[in-house]
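Below is one structure, written out as structure tokens, with a few remarks after it.
Values quoted throughout were computed directly from the atomic coordinates according to the rules given, and no laboratory measurement underlies them. Remember, it's a predicted structure, so these values are computed and weren't measured experimentally. Cβ: placed from backbone, ideal geometry, glycine included. Neighbour counts: every protein chain shown.
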Amino acid sequence: MDTTMIIMIVAMIAIFYFFMIRPESKKKKKLAEMRESLTVGDTITTIGGIFGKVVNIDGDKITFETGEDRVRVQIAKWAVSTVGRATEEPPK
């Protein structure tokens, strides 16, 4: 093999790593930190689009209330999409 070809292959692998793999792993790490830092009283949005306020955290389970009727829903921690972005009433 030619030295130039080996350098090109190494450069392509480096570019692939810095533009695809590294940003994805940073995103996963940030999401995991956000889910671990949840506390009672936080307003969350699930991956299904349900808004609510956290009332209990038990290991990998989260219980939250949705709306004025105070319906309590229990979900897995991995199902939390965002924290603190929802308002009392969902946008119309």
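Can you quote the Å³ per residue value for the convex hull of the Cα atoms in the chain, rounded to an integer?
It comes to 128 Å³ per residue, whole-number rounded.
About the Cα centre of the chain, how large is the charge dipole given +1 on each Lys and Arg Cβ and -1 on each Asp and Glu Cβ? Please answer in debye to the nearest 20.
Using only the charged Cβ atoms, the result is roughly 160 debye.
Please give me, ordered by residue number, the GluC sites (Glu not before Pro) of the chain that lie in loop per DSSP and have at most 15 other Cβ atoms within 10 Å.
Here the GluC sites (Glu not before Pro) that fit, given the DSSP loop and packing criteria, are E68, E88.
Treating the Cα atoms of region 38-92 as identical point scatterers in vacuum, please give the log10 of the normalised Debye intensity I(q)/I(0) at q = 0.25 Å⁻¹, two decimals.
-0.97
Would you kindly derive the ³J(HN,Hα) couplings of region 30-36 from the backbone phi angles with the Karplus curve 6.51 cos²θ - 1.76 cosθ + 1.60 (θ = phi - 60°), listing them in order in whole Hz, with x for Gly and Pro?
Karplus values, whole Hz, x for Gly and Pro: 5, 5, 5, 5, 5, 5, 6.
Once R0 is set to 41 Å, what does the formula 1/(1 + (r/R0)^6) return for the Cβ-Cβ distance between V83 and F18, expressed as a FRET efficiency to the nearest 0.05?
It comes to 0.90.
So, in nm, how far is label E68 from label S37 when the simple model puts each one 7 Å beyond its Cα toward the Cβ?
Spacing of the two 7 Å Cα→Cβ label points: 3.3 nm.
Can you list the residues, at least 5 places off or on another chain, whose amide H is less than 5 Å from the amide H of G67, using H built in the peptide plane?
K53
Hey, can you rank 7-14, 70-77 by average C-beta count inside 10 Å, highest first?
Output ranking for 7-14, 70-77: 70-77, 7-14.
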